[in-house]
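For reference, the structure discussed in these notes is given below.
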Amino acid sequence: MTTVNRRTLLTAGAAGTAVALAGCTSSGDGGPRKPTAAERAAAAEAALRRRSATASRDLMLRYDAVTGTHPALTARLAPLRAAVAAHVKALGEGGTPPAPGPSGSASAAPSPSPSRSLAAIRVPATPAAALRSLATAERATADTHTAALLTAPPEYARLLASVAAAGAAHAYLLTEGDRG
């Protein structure tokens with residue numbers, strides 16, 4: 001029976017490690033590694049997901065501001081706001097994980113955009129004007145999602161198109177839905 005001494009084993013292990021490490025570096029110059037096309041595409045998609053989710057999150061905050069100012073509209077707006085909350089979640093899936101909530105666990109509700117807060121949103125004084133302003137925000141968000149279709153990968157583009165169409169329907173319901 002052949003035995004392997006410790007020195008032979010260590011030498012073989014060191015050689016194996018050196019070969020593995022050599023395969024991990026992309027350039028022999030020691031400089032920074034350039035991202036691959038797949039890594040660039042993944043980073044672009046992640047940025048697009050963040051922008052899209054933020055646009056819908058800002059819209060959701062606008063719904064909250066309107067119902068906070070005009071509580072009588074809460075029942076009417078609740079289904080639309082719930083749909084926008086679902087859009088925020090769907091648009092952000094596959095991107096960065098949700099920020100931890102106050103208890104340290106992941107928050108169930110999407111967190112507000114750092115650039116927007118509920119207090120910073122101006123809500124018109126009358127319910128009718130508030131609904132028109134919300135419809136305008138729905139259209140603007142739908143336009144943002146539609147514009148993002150040009151750079152979105154196919155699966156995400158389908159989601160963006162669906163969310164944009166829902167936003168257009170919401171705008172109609174907010175303004176034209178009661179006429180007739």
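Rule-based calculations on the coordinates, nothing more; no lab input. Keep in mind the model is a prediction, meaning the values are calculated, not measured. Reconstructed Cβ throughout: ideal geometry from the backbone, glycine too, with neighbour counts over all protein chains shown.
For a footprinting-style exposure proxy, rank 33, 51, 76 by other Cβ within 10 Å, fewest first.
Details: 33 10, 51 14, 76 17.
Ranking 33, 51, 76 by Cβ neighbours within 10 Å, fewest first, gives 33, 51, 76.
So how many Å³ per residue does the convex hull of the Cα atoms of the stretch 47-94 work out to? Numbers along the way, then the final one.
Working: hull volume 2.1 nm³, N = 48.
With only Cα atoms used, the stretch 47-94 gives 44 Å³ per residue.
Give the peptides 69-75, 161-167, 54-60 in descending order of average Cβ contacts within 10 Å, highest first. Before the final figure, lay out each step's value.
On the way: 69-75: 13.1, 161-167: 19.4, 54-60: 23.6.
Answer by packing, highest mean first, reads 54-60, 161-167, 69-75.
What is the distance, in nm, between label points placed 7 Å from the Cα along the Cα-to-Cβ direction at residue 158 and at residue 118?
Inter-label distance under the simple model: 3.6 nm.
How many nm is it between the label spots at residue 143 and residue 37, if each spot is 7 Å from the Cα in line with the beta carbon?
With each label point 7 Å from Cα toward Cβ, the separation is 3.5 nm.
Calculate, for residue 128 and residue 86, the FRET efficiency according to 1/(1 + (r/R0)^6) with r their C-beta to C-beta distance and R0 25 Å; round to the nearest 0.05. Display every interim value, and only then the final one.
Values: r = 27 Å, r/R0 = 1.07.
Working from the Cβ atoms, E equals 0.40.
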